[in-house]
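S.K.: I have a structure here, written as structure tokens, and I will follow up with some questions on it.
Computed from the coordinates by the stated procedures, all read-outs in this text should not be read as laboratory data. Because the structure is predicted, anything quoted here is derived from the model rather than measured. For neighbour counting, all protein chains shown are included, and Cβ atoms are generated from backbone atoms with ideal geometry for every residue, glycine included.
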Amino acid sequence: MSTIRILFSLLLMFLFHSQTVLAHGDGHEPIAEEQVLTIATVAIAQLVESDVGLGFGQLETSWNALPKSATRIQSKGAGYYIVGVEHEKEGRTLFVLISADGGIYDANFTGEFKGLE
């Protein structure tokens, strides 16, 4: 079973890396808002797969089955997006901090990230 998890994690990392490379080439160009939503969905899948040490543990598998409409850009600032992914049945929204060039920086259930302007 652990081999399957490792292979799945590697596949997700490859897919995420491929999306961001194709989305912005050299890694410095801003990506489109639709791509930001896709990146947030990939982040959710990674957080369902394992506890990455963000303080809230591993997400339940039901997070992978959320409709696309559950994901939306909450706010946009200089060089970043905050994407909210709402899980109606749990009554919680996970917020993902994504850089304007597609990097995932952090995630939490408060939507507050230190150091943002």
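S.K.: Would any residue of segment 41-57 have its amide N under 11 Å from a label point 7 Å out along Cα→Cβ of Asn108? List them or say none.
M.R.: Zone members listed by number: 55-56.
S.K.: OK, next. How much length is gained if the chain between Ala32 and Glu90 is pulled fully straight, taking 0.36 nm per residue apart and subtracting their Cα-Cα distance, in nm to one decimal? Don't skip to the end; give the middle numbers.
M.R.: Working: separation 58, 0.36 × 58 = 20.88 nm, distance 2.93 nm.
Length difference between fully extended and current span is 18.0 nm.
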